[in-house]
Amino acid sequence: MSHRLFVALASLGMATITYATTPVLVIHGGSGVIKRDMTPAKEKAVRAAMSKALLDGYAQLKAGKPALDAVTTALTVLEDDADFNAGKGSVFTHDGKTDMDAAIMDGDSLRAGSVAGVHRVKNPILLARAVMEHSSHVMLSGDGAEAFAKEQGIALVDPSYFHTDQRWQQLQKALKEDAAKQPHADVATAKHFGTVGAVALDSEGHLAAGTSTGGMTDKRWGRIGDSPIIGAGTYANAQCAVSGTGWGEFYIRTVAAHEICMKVSMLNEPIQRAAAEVINQEIPSMGGNGGAIALDSDGNIAMPFNTDGMYRGWIGADGVPHVAIYDDEPDPSNHAQPPAEASSAD
Ligand code: ASP
């Protein structure tokens, strides 16, 4: 059932009909091997950061701002937090550098912007948005993207800003494993984990999606994942918005985010079913893993994952941020939806 508030205003025998949508914001902070061995302090910090991202993003929606603003606000909070694999906390490449990817898409206009392989951009999601809004292109990469960032007044930082001990140790561990085995033979090393994503529905009923990531630890040769590829890790149209997280090569090969949205738009599938078919069937059947968040224009939420856990959160009519990490936490789907309401006034 639709959750749209239906308000009919009648005056002088002429009816004006106004629709207002109850806003919803859904985020993820990555999928992967998430064991219950995080220190309580770390778990508390992760949950607090997710809550802040939800509250800050939702404040935009409550103020009547577009879904794009909620997505960029929420993702900027997570990019600035070293616990997530995006912006500040990005993982290291094989060569000990950071190589970040991000994308954003506006479901209403189908405009999109993305950046790949940037090293000095403090908030890659802001640059992706600038590409969408202030260039005639969709995707910029590397040095060219950073030259555009400079022109746009987007903050650039010294690469040392992205150096965190936690990520450095993860790279050392991955390098040791690589020396002993085939690269990527063991996905349980959680080389991909902590990517951040957001999907939002604004009060005008428009959807947007965004994703930002440092990619996979130990990646080489300018590897680009699914996150900045429109349709693979990030996609939005009028009916559906998706941000993925997981082993990017499989999301590219299944064009995962677009696939979910086409099932919703073209086949009229409920979003939970559409997302589950891609994340819980298609991707694992090919040997991939990960999760996604998905939202439809009625505010229905899907958050499937085929890994041990996925950092995920949602906020809707109750204005309360809900955060979950492990797979045995309650299924959040539909929690953000208010019951359908109809009222009339004169
Ligand atoms: N999908 C990202 C990539 O492959 C990684 C992740 O989601 O954690 O680059």
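The values are calculated or read from the model by the stated rules, or taken from the named source; none is laboratory data. It should be emphasised that the depicted structure is a prediction, and the values quoted were computed from it without experimental measurement. FYI the Cβ positions are ideal-geometry reconstructions off the backbone, even for glycines, and counts take in every protein chain you see. Heavy atoms of the whole protein, side chains included, go into the accessibility calculation; ligands, DNA and RNA do not. Shrake-Rupley method; radii C 1.70, N 1.55, O 1.52, S 1.80 Å.
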Crossing angle, helix 165-180 versus the chain [Cα axis fit, 0-90 degrees, rounded to tens]: 60 degrees
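If you average the sequence gap of Cα pairs under 8 Å that are 6 or more apart and divide by the length of the stretch 210-301, what percent do you get for the contact order?
That works out to 27 percent.
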With unit charges on the beta carbon (Lys/Arg positive, Asp/Glu negative), name the residue among Pro159, Tyr311, Asn85 whose Cα is farthest towards the positive pole of the charge dipole of the chain. Pro159
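Within the stretch 22-337, what whole-number % of the accessible surface is contributed by carbon and sulfur, with the 1.4 Å probe and all protein chains included in the calculation? All intermediate terms of the calculation are to be shown ahead of the outcome.
Working: 6150 of 11720 Å².
Heavy-atom surface of the stretch 22-337 belonging to carbon and sulfur, 1.4 Å probe: 52 percent.
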Between 0 and 90 degrees, rounded to the nearest ten: what's the tilt of helix 142-152 against the longest Cα principal axis of the chain? 50 degrees
Helix axis angle, 67-79 relative to the chain longest principal axis, alpha carbon, degrees: 30 degrees
With -39,500 (n - 2.57) per DSSP H segment of 4 or more residues and division by the full residue count of the chain, the 222 nm estimate, nearest 500 deg cm²/dmol, is -9000 deg cm²/dmol
Once both labels are modelled 7 Å past Cα along the beta-carbon direction, what's the Val157-Ala59 spacing in nm? 2.0 nm
Looking at the P(r) of the stretch 237-297, how many percent of alpha-carbon pairs lie beyond 20 Å? 16 percent
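Tally the DSSP beta bridges in the stretch 61-204 and give the antiparallel ones as a percent, rounded to 5.
Restricted to the stretch 61-204, the bridges split so that about 65 percent are antiparallel.
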The stretch 79-156: relative contact order from alpha carbon pairs under 8 Å, six or more residues apart, as a whole percent, is 23 percent
Take the alpha carbon gyration tensor of the chain, find the square roots of its eigenvalues, order them as a ≥ b ≥ c, and report rounded if a/c is under 1.5; if not, report prolate when a/b exceeds b/c, else oblate. prolate
Mind checking the per residue accessible area of the chain for me, 1.4 Å probe, whole number of Å²? 41 Å²
About the Cα centre of the chain, what is the dipole size in debye to 20, counting +1 per Lys and Arg Cβ and -1 per Asp and Glu Cβ, all else neutral? 620 debye
